[in-house]
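K.L.:
Right, I'll just put the structure down here and ask away after.
The values are calculated or read from the model by the stated rules, or taken from the named source; none is laboratory data. Small disclaimer: the values here were computed from a predicted structure and weren't measured. For neighbour counting, all protein chains shown are included, and Cβ atoms are generated from backbone atoms with ideal geometry for every residue, glycine included. Areas reflect the complete protein model, heavy atoms only, side chains present, ligands, DNA and RNA absent. Shrake-Rupley method; radii C 1.70, N 1.55, O 1.52, S 1.80 Å.
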Amino acid sequence: MAWGRFIKTCTEEKLTIATNQITSFFEKGHYWKQALLVNNVFAILAALFLGTAQPAGLFELLIVGRFLIGINAGVGMCVQPLYLGEIAPKEIRGLTSVGINIFLTIGILAGQIVGLREVLGDENSWSLLLSSCAIPALIQLVTLPCFPESPRYLLLEKKDEYRCQMALKSLYGSHNYQIEMDDIQKESHALNGEKPKKILELFFDQSVKWQLITIIVANMGQQLCGINAIYFYAHYVFEKSGIPVENIPYVTLGTGVCECITAMTCGLLIDRAGRRVLIIGGYSLMALFCIILTLTLTFQESYPWVPYFSMTAILMFILSFGLGPGGVTNTLTAELFTQSARTGAYMIGGSVNWTSFFVIGMVFPFIVNGLNQFCFLFFFVTCVLIAGFIYLIVPETKNKSFLDIKGDFHKLNYGHSSISYHLVEDNSIALEEAM
């Protein structure tokens, strides 16, 4: 048991390190698609180590395999939203950014299913289960070369206008690509040859001050909102509801189904309802269900019907998380920055997210032992504060270009005495065109 916990915490810490180290990979000039292709090597090597650990009788291979798949996950969680967010038109940019969360929840549900003892969860088959991570890696190695590189990356960072046009034609067709091309060229003029910013540079850049604060708060909130506490208490609540212990793994599949449903619903709503409505509404509902859970868990054994209310509150909390923070956080990180700052922002957001996950994993057992069910009051305060922050600070980004979103933050970053951002941008673009 202790060794299992060591592997778990060690791997999560390495994931945080991976999201930092990938920055140097970008800065050496690799394209997003190339980064994703190379990243599959880590998954295939991980599958090899994980699959041979049991036959070889070497637990060290499990540690190495977990470390490698942690790097693969950390890189994928950063690069895939970047790639998808840059190739999508602004009308469906939210859906494509949420796409990674949709398939993540499908993967979790698939893992829960194949992890059942009747499938691959018994003592003789678990090595096959762990090595199955090679399957999606091999599929991506075969299919991804058929897709174009990010046009925005090609023009804004590589200054390759011809390949940018070819990529846009591949994505939008020969007769419909010009609008997107004009949008990218407008951003290129506004950036005026600005080079990609490193992580430390972002912390001292006044022009992205509140965008950076926003993604730090949003990524911390995603882990500190109580979702891990919900899964911790789920087994206890299901057991108190009268479900036999041996059947609880099957009931837990319901939580996976809830996540899939809400991730898909978020994908359908994000470009219609907007980002603010979903994430503020999600955190607000989570705060409400934190109060309900505190009450129902306090009186869990007082009345026979109370555990069913607890079970309902758990499922509703998961639904609220998937509809708001679980799906929108990645989208905000992709949209709040222009090209020169986006990569570094993703590194910061990813590092904060995984670090928060590691910290809550280490501290949460002590919180539960000290506060029991009243730990949800802490999560209630967290959800309320984050919802309030987003309501007061973060503008709606639906159907806006990256330059428009930057303009919305300009007043926050520089104060009311600044000259109109849009006027300055229009003048700079006009000057570039005249030259």
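K.L.:
Select from region 39-91 the residues that are under 23 Å from Ala345 (Cα atoms), in a helix (DSSP H, G or I) and of a type in the set (Gly, Ala, Ser) and list them in ascending order.
P.N.:
Gly70, Ala73, Gly74, Gly76, Gly85 - these are the residues of region 39-91 that are under 23 Å from Ala345 (Cα atoms), in a helix (DSSP H, G or I) and of a type in the set (Gly, Ala, Ser).
Every residue, every condition in (1) surrounded by fewer than 19 Cβ atoms within 10 Å (Cβ to Cβ); (2) at pLDDT 75 or above, yes or no:
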{"site": "Ala387", "(1), (2)": "no, yes"}
{"site": "Asp404", "(1), (2)": "yes, yes"}
{"site": "Phe409", "(1), (2)": "no, yes"}
{"site": "Gly415", "(1), (2)": "yes, no"}
{"site": "Val424", "(1), (2)": "yes, no"}
{"site": "Asn427", "(1), (2)": "yes, no"}
{"site": "Met435", "(1), (2)": "yes, no"}
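K.L.:
Can you find even one residue in region 145-155 that is within 20 Å of Ile44 (Cβ to Cβ) and part of a helix (DSSP H, G or I)?
P.N.:
Within region 145-155, one or more residues are within 20 Å of Ile44 (Cβ to Cβ) and part of a helix (DSSP H, G or I).
K.L.:
Return the residue satisfying two criteria in turn: it lies in region 159-201 and is touching a helix residue (DSSP H, G or I) at 6+ places or on another chain (Cβ under 8 Å), within 19 Å of Gln34 (Cβ to Cβ) and part of a loop (DSSP other than H, G, I, E, B), and of such residues it is least open to solvent (accessible area, probe 1.4 Å).
P.N.:
Out of the qualifying residues, it is Asp160.
K.L.:
Cβ-Cβ under 6 Å, sequence separation 6+ or interchain: first residue in region 42-67 and closer than 11 Å to Ser127 by Cβ, partner outside any helix (DSSP H, G or I) and open to solvent by less than 60 Å² (accessible area, probe 1.4 Å). Which pairs?
P.N.:
Qualifying pairs under 6 Å: Ala47/Cys133.
K.L.:
Would you confirm whether any residue within region 236-250 is open to solvent by less than 10 Å² (accessible area, probe 1.4 Å), aliphatic (A, V, I, L, M), assigned to a helix (DSSP H, G or I) and out of contact with any Gly (no Cβ under 7 Å at 6 or more places or on another chain)?
P.N.:
Yes, region 236-250 contains a residue that is open to solvent by less than 10 Å² (accessible area, probe 1.4 Å), aliphatic (A, V, I, L, M), assigned to a helix (DSSP H, G or I) and out of contact with any Gly (no Cβ under 7 Å at 6 or more places or on another chain).
K.L.:
I've got another one for you. Residues of region 336-358 being out of contact with any Asp or Glu (no Cβ under 9 Å at 6 or more places or on another chain) and among the charged types (D, E, K, R), which ones?
P.N.:
Of everything in region 336-358, nothing turns out to be out of contact with any Asp or Glu (no Cβ under 9 Å at 6 or more places or on another chain) and among the charged types (D, E, K, R).
K.L.:
How many residues are within 18 Å of Asn219 (Cα to Cα) and either of a type in the set (Lys, Arg) or surrounded by fewer than 19 Cβ atoms within 10 Å (Cβ to Cβ) (or both) if we restrict to region 279-288?
P.N.:
So the answer is 2.
K.L.:
Wholly within region 289-371, which helices (runs of 4 or more DSSP H) include no fewer than the required count, namely at least 3 residues that are at pLDDT below 85 and open to solvent by 10 Å² or more (accessible area, probe 1.4 Å)?
P.N.:
339-371
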